[in-house]
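Below is one structure, written out as structure tokens; the observations come after it.
The values are calculated or read from the model by the stated rules, or taken from the named source; none is laboratory data. If you're wondering where the values come from, they're calculated on a predicted model, not measured in any experiment. Cβ sites come from the backbone with ideal geometry, for glycine too, and all protein chains shown count toward neighbours.
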């Protein structure tokens, strides 16, 4: 159990490493022939022991290119989830446009983070956990 926890912590680094993640995701998209139209990091939301960093993306490509991209993202060393996927056909070229929210996470050591959540972000509170 302790070994599994340690392995998961390695996938949740203590800093966000967003520039490296952006580069990794961009490389995955380009190597699969995608056109990355939008890559927009959002405000970080802090939970009890981790922080969540959403990134809005819009990419265009064939179904196969998009599927390979999603598969490659799941193979990254960082925990990255893909949420709110919306696929739309492009009328002029037969490709698909994918809009999605990628979320990456980081471990907050000792329950303290370096950046507060933005107004409107969902944040876990200890007060709401009274039982």
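Structure notes:
- Per-region count, the range 82-103, residues assigned to a strand (DSSP E or B) and surrounded by 14 or more Cβ atoms within 10 Å (Cβ to Cβ): 9
- Search result, residues across the range 36-53 that are over 22 Å from residue 66 (Cβ atoms) and not in a strand (DSSP E or B): 43, 44, 47, 48, 49
- Between 14, 26, the distinction of being surrounded by fewer than 18 Cβ atoms within 10 Å (Cβ to Cβ), modelled with pLDDT of 80 or more, more than 12 Å from the chain's Cα centre (by Cα) and not in a strand (DSSP E or B) belongs to 26 only.
- Hits in the range 59-77 - residues which are outside any helix (DSSP H, G or I) and either touching a strand residue (DSSP E or B) at 6+ places or on another chain (Cβ under 8 Å) or free of Cβ contacts under 8 Å to residues at least 12 places away in the same chain (or both): 59, 60, 61, 62, 75
- Of the residues making up the range 53-79, those that are surrounded by 13 or more Cβ atoms within 10 Å (Cβ to Cβ) and modelled with pLDDT under 90 are 53, 76, 78, 79.
- Restricting attention to the range 31-52, the residues that are out of contact with any strand residue (DSSP E or B) (no Cβ under 9 Å at 6 or more places or on another chain) and modelled with pLDDT of 90 or more total 1.
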